[in-house]
Amino acid sequence: MSQNDLPICTACGSQFHAAQNGDTPECCKICDDPRQFVPPSGQSWTSLSEMKPAHQNKWQQDSHDPRIWSIWTDPKFAIGQRAFLLKTPAGNIMWDLITLLDANTVEFINSHGGLEAIVISHPHYYTTYVEWAQTFKCPIYISEDDRKWLCRLPPSKDILKMIDGPVSTTKEIVPGITAVKTGGHFPGSLVLHWEKKLFIADTMVTVPVSQENPAYRNACFHTSLMIACI
Ligand SMILES: [Zn+2]
Ligand SMILES: [Zn+2]
């Protein structure tokens, strides 16, 4: 079975190993967990081969910081995840992932210099991480505490860089970009700090504050909106 045909859960976007007999898995452990859900219509599967004709990725440059691009899939797929491409002098970092990786997306990212590393906040964004790591030949940073949620085992242990330690453990990914283990949503949930920006996925909830308050004037938060997460 080619990688493009490996089973992907339609509800959460996680790509799985194929069963030895080629069947799809019996269930999705991400969706069986209370932080996600199995749709009322039941568990269903797709693959990158099936997705590609019907979906495309779109991207948009951040209106406040041109070094940041958000990337998402249209029409919406799975949880509606989106990822962020962060362009730093030390190389590009991808914060979180989306399931669909197609030729146009590879061309777009390579036109910006490829990827130095990928950092994934928590299992709802693991999606097709093996595809991304192999395509861009870069490591994936996740929390050791959440390793058990990987649905597709890495073909090489070199792909994964585990962030291990108690809450508040930090890991500098490239100069200026630091992952911080906060726990909470998942035991190993990460946020990403870059200058005055904090990328929070669904680890934290943002609320509006007065722009007149000097304490908040320079703050800029980017949330990866996920409607199914609590
Ligand atoms: Zn699932
Ligand atoms: Zn989540």
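The values are calculated or read from the model by the stated rules, or taken from the named source; none is laboratory data. Computed from a predicted model, the values in this text were never measured in an experiment. Because the Cβ atoms are built from the backbone with ideal geometry, glycine has one as well, and the counts that use them run over all protein chains shown.
For the range 19-54, name all the residues that are within 16 Å of ligand 2 (Cβ to nearest atom) and not in a loop (DSSP other than H, G, I, E, B). If the condition is that a residue be within 16 Å of ligand 2 (Cβ to nearest atom) and not in a loop (DSSP other than H, G, I, E, B), then LYS29, ILE30, CYS31, ASP32 are the ones that fit.
Residues of the range 120-137 that are part of a loop (DSSP other than H, G, I, E, B) and buried (at least 19 other Cβ atoms within 10 Å of the Cβ): ILE120, SER121, HIS122, TYR126, THR127, THR128. Step by step: first the residues of the range 27-68, then only those that are surrounded by fewer than 17 Cβ atoms within 10 Å (Cβ to Cβ) and among the small types (Gly, Ala, Ser), then the one that is nearest to ILE8 (Cα to Cα). Which residue is that? The residue in question is SER44.
For the range 73-117, a residue qualifies if it is among the small types (Gly, Ala, Ser), closer than 14 Å to PHE136 by Cβ and either touching a residue at least 40 places away in the same chain (Cβ under 8 Å) or buried (at least 20 other Cβ atoms within 10 Å of the Cβ) (or both), and the qualifying residues are ALA83, GLY91, ALA117. If the condition is being within 16 Å of ligand 1 (Cβ to nearest atom) and of a type in the set (Val, Ile, Thr), then the range 103-129 contributes ILE120, THR127, THR128. Taking the criterion of being more than 12 Å from TYR125 (Cα to Cα) and either crowded, with 16+ Cβ neighbours inside 10 Å or at pLDDT 95 or above (or both), the residues of the range 142-161 that qualify are SER143, GLU144, ASP145, ARG147, LYS148, ARG152, ILE159, LEU160, LYS161.
The residue of the range 5-26 that is surrounded by the fewest Cβ atoms within 10 Å (Cβ to Cβ), among those that are away from ligand 1 (no atom under 13 Å from the Cβ) and among the aliphatic types (A, V, I, L, M), is ALA19.
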